[in-house]
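Can you read through this structure? Questions will come right after.
The values are calculated or read from the model by the stated rules, or taken from the named source; none is laboratory data. Because the structure is a prediction, the values reported are computed rather than measured. We place every Cβ from the backbone using ideal geometry, glycine too, and count neighbours over all the protein chains shown. Accessible surface areas use protein heavy atoms only, side chains included; no ligands, DNA or RNA. Shrake-Rupley method; radii C 1.70, N 1.55, O 1.52, S 1.80 Å.
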Amino acid sequence: MRPSGFLIKRRQNPHEQPSQLRGAIDEGTSSARFILFKAGSADVVAAHQKELSTSFPQEGWVEQDPLEILEIVKTCIEATIDKLIALGGSVNDIVAVGVTNQRESTIVWDKTTGEPLYNSIVWRDMRTSTTVDQLLDKVPNKTRNKNYLKPLCGLPMSPYFSAAKVKWLQDNVPKVKKAMVAGNCLFGTVDSWLIWNLTGGKDGGVHVTDVTNASRTMLMNIDTLKWDPVLLNFFELPSSILPKIKSSAEVYGYVKEGSLRSVPIAGCLGDQQSALVGQQCLNRGQAKATYGTGCFLLYNTGKVKVDSSHGLLTTVAYQLGPTQQPMYALEGSVAIAGAAINWLRDNLTILPTFGDAQGLAERAALIESGEVYFVPAFSGLYAPYWQQEARGTIVGITEDTNSSHIIRATLDAVCFQTRDILEAMNKDYGSTLTQLQVDGGMTANSLLMQLQADLTGVTVVKPSMAESTALGAAMVAGFAMKVWDIEGAPLTLPAQKWTPKYSENERDVRYAKWKMAVERSMGWDI
């Protein structure tokens, strides 16, 4: 990634005001990056990105190596610093670093050796389906109510969240259980693992998480923002494994070694909440959708915690400092978005590259083949259905159907799943969204963005700044250091817009057929 029109000059005078850069560690599911932003702006000064490897030991299992995650993050930091220096800048210009990360992915490690006790269990891993079934048996009166814990944590019982993953590790990996009994086991989502290691690891590393990541574990009380003893008791997990919960914007500790030594880590947000901040959806009623491996739509509800009755999650949007009130959001999570495009490329081999999806989808002539609908429920359906027994389904195939129609149906599926969430949000919140901010790798596909507008009836807005997730982490870190006024000095960014072209009847007819396809995907893995 090239710097966007900003060149740092090396300071000749030691008393000259530094350029005050903000760094963001953005650790996603498929790659990690480190990005430096110019003070008070979205201008990228220098950046480096590297892909992460993922393993699939069994069907439904998704793992990553925690040590590889850490090393790739360190590599990205050092490579970015090298680029900064080549531009004539200095590491002394970096005021603070923020961290944003894939959420729910679960890591446990030994606090005395610093070694992981198992691979990271990635958020979309489904091995804990049996664990969730066993936990549902514990619900009083044998109701098996998936929402039994929702009043406390805002989340339904699902393999998606971290608590079930930790419980699986406790029950199935002897050295994890042994470390828990001995008091040597530490648990964290990826943010905790990175911050602990960067601030010293076994030699004094800080074991923390922020409220947004903690709100995705099923172990934090959504009202008190503290680990809840009732939840810990239900999952039978010891409190000794847990990190301290902090706000999203405060100094957690200082980098212990490397080029960033002594730089404060002062911001932390789960990736979707970070994109919400980076998109500047800081007012009640604003929403954003991030299109990556999955698709995640967050709707800012301000200081009001809205309890969904239509399959959405109640989550913490952010908390700008330990003395500030938290902001809440409704969230809809789609497990498979960009991952479906990868599946077309890697498994079906009908797509040469990810970037070819638009051109091939545009060849699809619906009038020739009828309408093909693809429900990519590879590991069940997330919001608003929460059906772990659902499986992928393609319907509407005729003898004229070809690969272009399957590719087009895949793009449609991303849009229909987003509409599912918007419909639920409208019911829960009582107001209709008129504009949707978007970000993520899939937004490069302009056909997808037009389809999203067409199938939802909502104007889609894509800011020119592509790194919204990283920007959010840099913003909260700068806010913590009192060098970035997030709320008082909003950024002005040019944006591209897509307005709906379908008639209301056309989009509703197609949506009704999508719902029929979803019904056919249910109940396969029982």
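So which of Gly204, Gly253 is surrounded by fewer than 24 Cβ atoms within 10 Å (Cβ to Cβ) and in a loop (DSSP other than H, G, I, E, B)?
Exactly one of Gly204, Gly253 is surrounded by fewer than 24 Cβ atoms within 10 Å (Cβ to Cβ) and in a loop (DSSP other than H, G, I, E, B), namely Gly204.
Are any residues in segment 29-39 within 23 Å of Thr290 (Cα to Cα) and either under 20 Å from the mean Cα position of the chain (by Cα) or part of a loop (DSSP other than H, G, I, E, B) (or both), and if so, which ones?
Thr29, Ser30, Ser31, Ala32, Arg33, Phe34, Ile35
Going by what's in this entry, would Arg144 be described as open to solvent by 10 Å² or more (accessible area, probe 1.4 Å) and of a type outside the set (S, T, N, Q)?
Criteria met by Arg144.
Okay, moving on. Can you name the number of the only condition in (1) open to solvent by 10 Å² or more (accessible area, probe 1.4 Å); (2) at pLDDT 90 or above; (3) within 29 Å of Ser31 (Cβ to Cβ) that Thr323 fails?
Here Thr323 meets the rest and fails (3).
So Asn92 fits all but one of (1) open to solvent by less than 50 Å² (accessible area, probe 1.4 Å); (2) at pLDDT below 95; (3) under 26 Å from Glu250 (Cα atoms); what number is the exception?
(1)
Which numbered condition in (1) open to solvent by 20 Å² or more (accessible area, probe 1.4 Å); (2) in contact with a helix residue (DSSP H, G or I) (Cβ under 9 Å, 6 or more places away or on another chain) is the only one that Thr410 fails?
Failed condition: (1).
Also: Out of curiosity, is Val304 among the β-branched types (Val, Ile, Thr) and in contact (Cβ under 8 Å) with a residue 60 or more places away in the chain?
No: the conditions fail for Val304.
Next up: So which residues in segment 65-82 are part of a helix (DSSP H, G or I) and without any contact (Cβ under 8 Å) to a residue 60 or more places away in the chain?
Of everything in segment 65-82, those that are part of a helix (DSSP H, G or I) and without any contact (Cβ under 8 Å) to a residue 60 or more places away in the chain turn out to be Leu67, Glu68, Glu71, Ile72, Thr75, Cys76, Ala79, Thr80, Asp82.
Would you pick out the residues in segment 155-207 that are closer than 19 Å to Leu231 by Cα, among the β-branched types (Val, Ile, Thr) and touching a Lys or Arg at 6+ places or on another chain (Cβ under 8 Å)?
Correct list: Thr189 only.
Can you tell me how many residues in segment 80-123 are touching a strand residue (DSSP E or B) at 6+ places or on another chain (Cβ under 8 Å), within 23 Å of Trp484 (Cβ to Cβ) and not β-branched (Val, Ile, Thr)?
Number satisfying all stated conditions: 8.
What is the residue count in segment 99-141 for residues that are farther than 26 Å from Phe378 by Cα and either buried (at least 22 other Cβ atoms within 10 Å of the Cβ) or not hydrophobic (A, V, I, L, M, F, W, C) (or both)?
Here the count works out to 15.
Could we say that Arg284 is open to solvent by 40 Å² or more (accessible area, probe 1.4 Å), free of Cβ contacts under 8 Å to residues at least 24 places away in the same chain and under 20 Å from Ser333 (Cα atoms) here?
Working: open to solvent by 40 Å² or more (accessible area, probe 1.4 Å): yes; free of Cβ contacts under 8 Å to residues at least 24 places away in the same chain: yes; under 20 Å from Ser333 (Cα atoms): yes.
Considered against the rule, which asks whether it is open to solvent by 40 Å² or more (accessible area, probe 1.4 Å), free of Cβ contacts under 8 Å to residues at least 24 places away in the same chain and under 20 Å from Ser333 (Cα atoms), Arg284 comes out as yes.
Still on this structure, I have one more. Please verify whether segment 159-173 includes one or more residues that are charged (D, E, K, R) and touching a strand residue (DSSP E or B) at 6+ places or on another chain (Cβ under 7 Å).
Within segment 159-173, one or more residues are charged (D, E, K, R) and touching a strand residue (DSSP E or B) at 6+ places or on another chain (Cβ under 7 Å).
Mind listing whichever residues of segment 49-60 are in a strand (DSSP E or B) and either under 23 Å from Trp484 (Cα atoms) or open to solvent by less than 50 Å² (accessible area, probe 1.4 Å) (or both)? Quick ask: steps written out before the conclusion?
Filtering segment 49-60 down to residues in a strand (DSSP E or B) leaves 49-51, 55.
Answer for segment 49-60, where residues must be in a strand (DSSP E or B) and either under 23 Å from Trp484 (Cα atoms) or open to solvent by less than 50 Å² (accessible area, probe 1.4 Å) (or both): just Ser55.
Can you find a residue that is at positive phi and surrounded by fewer than 24 Cβ atoms within 10 Å (Cβ to Cβ) anywhere in segment 326-344?
Scanning segment 326-344 turns up no residue that is at positive phi and surrounded by fewer than 24 Cβ atoms within 10 Å (Cβ to Cβ).
Out of the helices (runs of 4 or more DSSP H) lying entirely within segment 98-200, which hold 2 or more residues that are closer than 30 Å to Lys305 by Cβ?
Filter on segment 98-200 gives 129-136, 150-153, 162-172, 190-198.
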